[in-house]
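The values are calculated or read from the model by the stated rules, or taken from the named source; none is laboratory data. Note that the coordinates shown come from a computational prediction; the quantities given were computed from them, not determined experimentally. Reconstructed Cβ throughout: ideal geometry from the backbone, glycine too, with neighbour counts over all protein chains shown.
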Ligand code: SF4
Ligand code: SF4
């Protein structure tokens, strides 16, 4: 007991290494990879982020132009941001606020101009086999 006393006294006096999070929040570092955000107006729904995400927390519905993300599964790695060809993804410099609710982020975008042109061509009776059908760039969007 006597051997422990100095340690006990010191721990009562010195500043603690831990914080009372979330009451006391540390300022993030300058280049912290924080909350993920999609500027849906720029998104082209290519699906690259879905393919590249190591935690599989992104889903892209290419036809419906819906981008969905489970922020609780995100590990803030930044791979999706680095590989997004449209530069629509970015990470804020702060972390998401703690919450007790399970949320899924779902954003609805607009079809790309190319798709709109395709739709118009379809409406105006473009014959099948004219090349429109083969125009699917598909394949692996990650390549
Ligand atoms: S990689 Fe970028 S452009 Fe492609 S679906 Fe994801 S957010 Fe949209
Ligand atoms: S930051 Fe990483 S884990 Fe989070 S959505 Fe992007 S690729 Fe997935």
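Any residue in the range 9-31 that's within 21 Å of residue 96 (Cβ to Cβ): show its pairings with residues that are surrounded by 10 or more Cβ atoms within 10 Å (Cβ to Cβ) at Cβ separation under 6 Å, as long as the two are six or more apart or on different chains.
28/93; 28/94
Would you confirm whether any residue within the range 93-104 is surrounded by 13 or more Cβ atoms within 10 Å (Cβ to Cβ) and in contact with a strand residue (DSSP E or B) (Cβ under 7 Å, 6 or more places away or on another chain)?
no
Looking at 73, 86, which is the one that is within 10 Å of ligand 1 (Cβ to nearest atom) and either surrounded by 12 or more Cβ atoms within 10 Å (Cβ to Cβ) or at pLDDT 95 or above (or both)?
Selected residue: 86, the only one of 73, 86 that is within 10 Å of ligand 1 (Cβ to nearest atom) and either surrounded by 12 or more Cβ atoms within 10 Å (Cβ to Cβ) or at pLDDT 95 or above (or both).
Being within 11 Å of ligand 2 (Cβ to nearest atom), in contact with a strand residue (DSSP E or B) (Cβ under 7 Å, 6 or more places away or on another chain) and part of a loop (DSSP other than H, G, I, E, B) is the filter here; which residues of the range 40-75 pass it?
Listed by number, the residues that qualify are 57, 71, 74.
Does residue 93 satisfy being at pLDDT 95 or above and either more than 10 Å from ligand 1 (Cβ to nearest atom) or in a helix (DSSP H, G or I) (or both)?
Taking the combined requirement at face value, the residue does not satisfy it.
Pull up the range 34-51, narrow it to residues that are under 11 Å from the mean Cα position of the chain (by Cα) and touching a residue at least 40 places away in the same chain (Cβ under 8 Å), then point me to the one that is nearest to ligand 1 (Cβ to nearest atom).
49
Do we find that residue 25 is more than 10 Å from ligand 1 (Cβ to nearest atom) and out of contact with any helix residue (DSSP H, G or I) (no Cβ under 6 Å at 6 or more places or on another chain) in this structure?
Judged against the criteria, residue 25 is a match.
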